[in-house]
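Asks: Starting off with a structure, shown below.
The values are calculated or read from the model by the stated rules, or taken from the named source; none is laboratory data. Since this is a predicted model, take the numbers as computed values, not measurements. So basically every Cβ, Gly included, is an ideal-geometry build from the backbone, and we count neighbours across all protein chains shown. Just the protein is used for accessible areas: all its heavy atoms, side chains included, with ligands, DNA and RNA removed. Shrake-Rupley method; radii C 1.70, N 1.55, O 1.52, S 1.80 Å.
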Amino acid sequence: AVSRVEREVLFLKGPGAFLVLDRADTNGAAEAVWQLNTPIAPASAGDGWEITGTQSTLAVTPLFPASPAGQVLDWPSLDADMDGGYRLDVTDPAAAGHARFLFLLAETGTVEGAAPLPGAGTLGAAVTFTDGTIAEVVFGDDSAGGTLKLTSGGVVVFDGPLPSAVGTLPLFDVN
């Protein structure tokens with residue numbers, strides 16, 4: 001059984017990157033799977049995957065867990081109702097009912113380096129972008145919110161807390 005599923009998303013507008021943290025707790029009999037659906041097949045690249053379109057390539061980089069297991073599935077082979085597309089499934093073989101996934105999604109060529117920031121009761125990452133921007137993000141392992149320190153051109157432009165409340169996304173009528 002699944003007892004918790006939470007997602008926190010941080011968009012870093014300047015560099016154009018997303019950090020996605022997912023928390024999934026189960027009774028241990030159920031396996032938590034991080035999934036990304038895409039019309040283009042992800043290809044294994046270094047420590048993660050790349051999705052190459054006609055104009056750019058998205059790098060999908062796992063920062064936590066340290067040793068994820070991933071596979072790319074072809075949607076039409078899984079479900080006859082699907083006409084195309086792919087699904088990237090990532091698991092943590094060591095999760096034991098307490099799965100945490102931290103991913104960096106950014107256009108290739110925009111990230112110089114990314115590394116997990118270990119801490120007691122936290123999950124975080126230090127990301128250095130090719131434009132010199134440095135983002136140090138720390139999320140709570142079991143609670144929403146965290147902190148962000150953003151440095152650009154050697155100047156700290158933000159150093160403070162991330163929201164700890166769960167916001168409701170607005171609904172838009174597109175008709």
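Asks: Taking E8 as the residue in question, decide whether it is within 28 Å of S152 (Cβ to Cβ) and of a type in the set (D, E).
Replies: Values: within 28 Å of S152 (Cβ to Cβ): yes; of a type in the set (D, E): yes.
It is true that E8 is within 28 Å of S152 (Cβ to Cβ) and of a type in the set (D, E).
Asks: Looking only at strands (runs of 3 or more DSSP E) that lie completely in the range 91-175, which have at least 3 residues being of a type outside the set (A, V, I, L, M, F, W, C), closer than 20 Å to Q35 by Cα and out of contact with any helix residue (DSSP H, G or I) (no Cβ under 9 Å at 6 or more places or on another chain)? Outline the logic, then answer.
Replies: Working: elements: 98-107, 111-116, 122-129, 134-140, 146-152, 155-162.
It comes to 98-107.
Asks: Among the residues of the range 3-25, which ones are in a strand (DSSP E or B) and either charged (D, E, K, R) or at pLDDT below 90 (or both)?
Replies: Filtering the range 3-25 for residues in a strand (DSSP E or B) gives 3-12, 17-25.
Listed by number, the residues that qualify are R4, E6, R7, E8, D22, R23, D25.
Asks: Within the range 54-74, track down each residue that is open to solvent by less than 50 Å² (accessible area, probe 1.4 Å) and either over 23 Å from R23 (Cβ atoms) or of a type outside the set (V, I, T) (or both). So that I can check it myself, show each step before the final result.
Replies: Start the filter on the range 54-74 by keeping residues that are open to solvent by less than 50 Å² (accessible area, probe 1.4 Å), which leaves 57, 59-63, 65, 68-70, 73.
Residues satisfying the conditions are T57, A59, P62, L63, P65, P68, A69, G70, L73.
Asks: To continue, here is another question. If you scan the range 112-137, which residues turn out to be of a type in the set (A, V, I, L, M, F, W, C) and open to solvent by 40 Å² or more (accessible area, probe 1.4 Å)? Steps first, please.
Replies: As a first pass, look at the range 112-137 and keep what is of a type in the set (A, V, I, L, M, F, W, C): 114-115, 117, 120, 123, 125-127, 129, 134-135, 137.
If the condition is that a residue be of a type in the set (A, V, I, L, M, F, W, C) and open to solvent by 40 Å² or more (accessible area, probe 1.4 Å), then A114, A115, L117, A120, I134 are the ones that fit.
Asks: Condition test on G28, is it part of a loop (DSSP other than H, G, I, E, B) and open to solvent by less than 60 Å² (accessible area, probe 1.4 Å)? Can you show your working first?
Replies: Values: part of a loop (DSSP other than H, G, I, E, B): yes; open to solvent by less than 60 Å² (accessible area, probe 1.4 Å): yes.
Against the criterion (part of a loop (DSSP other than H, G, I, E, B) and open to solvent by less than 60 Å² (accessible area, probe 1.4 Å)), G28 qualifies.
Asks: Now a separate question. Across the range 34-81, what is the total count of residues that are in contact (Cβ under 8 Å) with a residue 40 or more places away in the chain and not in a strand (DSSP E or B)?
Replies: 6
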